[in-house]
Structure formats: structure tokens, C-alpha cells
1. Would you please list the contacts, defined by Cβ atoms under 6 Å and residues six or more apart or on different chains, that run from a residue in the range 15-39 that is open to solvent by 60 Å² or more (accessible area, probe 1.4 Å) to a residue that is among the charged types (D, E, K, R) and not in a loop (DSSP other than H, G, I, E, B)?
2. Could you tell me which numbered condition L46 fails, if it satisfies all but one of (1) touching a residue at least 40 places away in the same chain (Cβ under 8 Å); (2) open to solvent by 70 Å² or more (accessible area, probe 1.4 Å)?
3. Out of the residues in the range 1-10 that are among the aliphatic types (A, V, I, L, M) and touching an Asp or Glu at 6+ places or on another chain (Cβ under 9 Å), which is least open to solvent (accessible area, probe 1.4 Å)?
Amino acid sequence: MEDLHAGIVPITKTGDWSDVTVLDAGGNRILWCDVSRIDDEEMRSLVRDVVNRLYTFQLHAGNPALQAELEKWMSVAVKWDEPEVDLRKIAAIDHNIRGSKNGQN
């Protein structure tokens, strides 16, 4: 994640980034708002990392060493925003369950 965040942040005077463009190797000027800031390989790598970390966490959630590590981070985590339930994901899961029960998928 830090690698994706690294680099020079452009300056905007309008605040909506409409005054920032990127000049690509083909000579195309692209509005900052329209530029993809992560390529396919970076996205695959990020998703793999998230999935692997969640999988590892699930496998070792009861491990005392993991619990101790989590406790160390709690003093920092109390300053973070509260997590939110992803209602779109829950709706998709509910939709898939209903579809499976009706023979659809």
C-alpha cells in the first residue's frame, strides 16, 4: 500500500483537480480526475495481499501471539475511524443466497 501511496502529489488550485493534467508518452493530456492511478498488476498485487492477510488472520484469529500483536496496535487504532459494514457487499451476499435457493446463480 505504501508503494502505491509513494510519489509526488500534484498541486491543484481549484480544489477539484480540474486544473491538473497528465501528459502520457503518447502525447495525450489526461485530466487528473480521469487518470487511473493504479495499473492492473498493482491492483492484482494489492488484492492478493489483502486476501492473504485476511486468510492468515482467519486461520490464526485465536492464536495468542496474534492477539498480543493486535493488542500492541490498539493504542493507535482507537484514533482511527470506526469501521463500517459494507452494505453493498451484504446486499450482494443476500441476493446470491436468494438466487441459490431459487435455483439461480
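1. T21/R29; L23/R29
2. (2)
3. L4
The values are calculated or read from the model by the stated rules, or taken from the named source; none is laboratory data. Quantities reported herein were computed from a predicted structural model and do not represent experimental measurements. Virtual Cβ from ideal backbone geometry, glycine too; neighbours counted across all protein chains shown. Remember, those area values only see protein heavy atoms, side chains included, never the ligands or the DNA or RNA. Shrake-Rupley method; radii C 1.70, N 1.55, O 1.52, S 1.80 Å.
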